[in-house]
1. Could you please give the count of residues in the range 84-99 that are over 36 Å from the mean Cα position of the chain (by Cα) and of a type in the set (Gly, Ala, Ser)?
2. Condition first: farther than 30 Å from Ala9 by Cα, aromatic (Phe, Trp, Tyr) and surrounded by 11 or more Cβ atoms within 10 Å (Cβ to Cβ). Can you find one or more residues in the range 86-95 that meet it?
3. Tell me which residues, restricted to the range 65-93, are more than 20 Å from Phe107 (Cα to Cα) and aliphatic (A, V, I, L, M).
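Read-outs: derived from the displayed coordinates by stated rules, not from any lab. Owing to the predicted nature of the structure, the values given are computational and were not obtained by experimental measurement. Here Cβ is always computed from backbone atoms with ideal geometry, including for glycine, and neighbour counts include all displayed protein chains.
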Amino acid sequence: MENLSKPYALRLPIEVAERYENLATTAGTKISTVMRNVLTYGKDVVITQPDPKRQEDRARVMRILSNAGNNLNQIARHLNILSKQGDLRYSEAVHYLYLLENIEAQFNVTLQIYNHADPG
């Protein structure tokens, strides 16, 4: 397959060049990437700052997921121990089922928070 790119050199007014350089710096990318996007797609690259409320919501989602994962690990560990010892009783199985239902409820809340944090 042949290379379809062709290098170009161009001159821009200082204020335009600075604007694209600032975009590249803000985006953490190279000026060539910004210019390629501008020329290829015919529009400027828009850099948006993340909404602090959405960042807080995402952090909360991660904490909830982490807690739920820890709870699942603890339940699995306890069930394995009881099973190996031959001590798993009906009442304990019901208790762990209740815990799993609570974790499911946590996941539902987490999904609602995540949908709010990322309405896209």
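1. 2
2. Within the range 86-95 (the criterion being farther than 30 Å from Ala9 by Cα, aromatic (Phe, Trp, Tyr) and surrounded by 11 or more Cβ atoms within 10 Å (Cβ to Cβ)), the answer is no, since none of the residues qualifies.
3. Leu79, Ile81, Leu82, Leu88, Ala93
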